[in-house]
Amino acid sequence: MNKNSTDLVVKSVAAATCKELQDLSVIALNLQDTIANLLNGQSITTNSDVAKIQDLDYLTQSLDAMSNFWADLAKDTPIDWQYSNQNAISTIPLKGLASRLAGLAEENNTPSVTTDCACDFF
C-alpha cells in the first residue's frame, strides 16, 4: 500500500472514533442530567449550567461531522473488506443498532424520531 500524509490507518481511525464517541457520550449524559434538573424545577444559574446546554450544539455538530467523515470513508472502502470480530457487535445492547452496524438490518429498519414524546426504552 502506498503511504502518504493523507493515508489513514484503520486501527488509528477506529481508536480515534471510539475516543470521540466516548467523549460525546459523556456530554450527552451531562445534558441528560441538566435536562432532568430543569424538569424538576431547577433553574440554570451558573456558567457551568449554561456551558452544559451549549454542549448540545457541540454534540450535534460533532455527530454530523463524524457521520460525514464515515460516509466519505465508506465510499472509498473496498466492498470485499470485512471484519471477523463478532465480539464488537455482541457488546451493543441495542439489538436494532447492532444489526444496523453489522449490516444485517434492512434499510427501512432505522430508528424513527418523533415529536410526540413517546419513548420505548425496552
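Every read-out reported here was derived from the displayed coordinates using simple, explicitly stated rules and does not represent laboratory data. Keep in mind it's a predicted model, so treat the numbers as computed, not measured. As a convention, Cβ positions derive from the backbone with ideal geometry for all residues, glycine included, and neighbour counts pool all protein chains shown.
Side notes on the structure shown:
- Counted by neighbouring Cβ atoms within 10 Å, the residues Trp81, Trp70 run from fewest to most as Trp81, Trp70.
- The listed peptides 89-96, 17-24, ordered by packing as a protection proxy, come out as 17-24, 89-96 (highest mean of other Cβ atoms within 10 Å first).
- Förster radius 35 Å - calculated FRET efficiency between Ala15 and Ser43 (Cβ-Cβ, nearest 0.05): 0.30
- Calculated FRET efficiency for the pair Gln22/Ser99, C-beta based, R₀ 30 Å, to 0.05: 0.85
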